[in-house]
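Enquirer: After the structure tokens below, expect a handful of questions from me.
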């Protein structure tokens with residue numbers, strides 16, 4: 001039984017389309033198999049791909065540069081804020097240190113006073129040092145001492161612990177420090193290995209130690225404290241008051 005006209009109208013176009021498609025595909029494959037055609041179109045393809053990629057990369061790089069610029073500006077602002085905060089912190093720390101040092105203005109630390117076993121009080125030993133060894137004039141009495149005791153726990157090596165002495169008035173403390181500076185007093189203290197110094201804060205004590213090390217290394221001629229303040233004298237005789245460790249940097253780098 002043959003196909004009806006309607007069926008032929010539906011099937012024949014499909015057959016033709018399939019044959020045409022196959023013929024076109026075969027022709028395209030045949031053309032591309034020819035070396036001269038490939039040689040002609042490959043540079044164009046490469047150029048097109050390169051331009052497309054280059055444009056995309058340039059856009060990405062431009063965006064990256066913008067982002068880096070924004071981050072750089074933000075970093076600069078943060079650095080400026082950090083520097084400002086650091087300066088404020090240093091200033092506040094210095095002020096706190098000054099206040100703490102001021103609270104110790106009536107105090108001295110005496111190192112080298114013998115510590116007998118079972119010692120109950122250091123009053124008599126301190127009075128002996130300040131009145132007999134130093135020769136304070138007028139003499140300091142027990143009523144002039146507000147507080148007096150050893151610092152820290154007993155040492156295992158048997159060495160005497162330092163004694164902190166808080167005097168009732170700054171006038172008594174100043175009198176003691178003046179007596180200490182006399183040549184005869186210095187000789188007596190040196191003979192007995194006794195040292196009397198301002199009672200320094202932790203920060204000032206560390207700074208004073210650094211200064212004395214530079215004296216030992218012959219980068220400074222002298223380091224001393226007065227009224228809780230730290231002073232040094234350079235090799236050329238210049239006097240300078242220290243507040244922070246960086247004040248010693250010029251002497252550390254000197255030959």
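Values in this text are rule-based calculations from the coordinates and carry no lab data. Remember, predicted model here, so these are calculated numbers, not experimental data. Reconstructed Cβ throughout: ideal geometry from the backbone, glycine too, with neighbour counts over all protein chains shown.
Enquirer: Would you please put 208-215, 180-187, 76-83 in order of how densely packed they are, using the mean number of other Cβ atoms within 10 angstrom per residue and starting with the highest?
Expert: My ranking of the peptides, most packed first, is 208-215, 180-187, 76-83.
Enquirer: Can you give me the distance in nm between label points at residue 73 and residue 149, each placed 7 Å from the Cα along the Cα-to-Cβ direction?
Expert: 6.1
Enquirer: Among rounded, prolate and oblate, which fits the range 141-255 when a ≥ b ≥ c are the square roots of the eigenvalues of its C-alpha gyration tensor, a/c under 1.5 means rounded, and a/b larger than b/c means prolate?
Expert: prolate
Enquirer: Is the range 98-151 best put as rounded, prolate or oblate by its Cα gyration tensor, with a ≥ b ≥ c the root eigenvalues, rounded for a/c under 1.5, and otherwise prolate when a/b is larger than b/c, oblate when not?
Expert: oblate
Enquirer: Stretch residue 240-residue 124 to full length: gain in nm at 0.36 nm per residue minus the Cα-Cα span?
Expert: 38.0 nm
Enquirer: Is the shape of the range 201-255 rounded, prolate or oblate, going by the alpha carbon gyration tensor and its root eigenvalues a ≥ b ≥ c, with a/c under 1.5 for rounded and a/b larger than b/c for prolate?
Expert: Note, shape of the range 201-255 comes out prolate.
Enquirer: Right, here's the next one. At residue 222 and residue 197, where each label point lies 7 Å from the Cα along Cα→Cβ, what is the point-to-point distance in nanometres?
Expert: Computed distance between label sites residue 222 and residue 197 equals 1.7 nm.
Enquirer: So for the pair residue 82, residue 94, with labels modelled 7 Å out along Cα→Cβ, what separation do we get in nm?
Expert: So the two model labels end up 2.2 nm from each other.
Enquirer: Then there is this: Per-residue counts of other Cβ atoms within 10 Å, averaged by peptide: what ranking do you get for 131-143, 147-159, highest first?
Expert: The peptides rank, most packed first, as 131-143, 147-159.
Enquirer: Taking the mean number of other Cβ atoms within 10 Å as a proxy for protection, how do you rank 64-71, 190-197, 219-226 from highest to lowest?
Expert: The densest-packed peptide leads the list: 219-226, 190-197, 64-71.
Enquirer: Something else: Give me the extension gain from residue 137 to residue 65: residue separation times 0.36 nm, minus the current Cα-Cα distance, reported in nm with one decimal.
Expert: 18.2 nm
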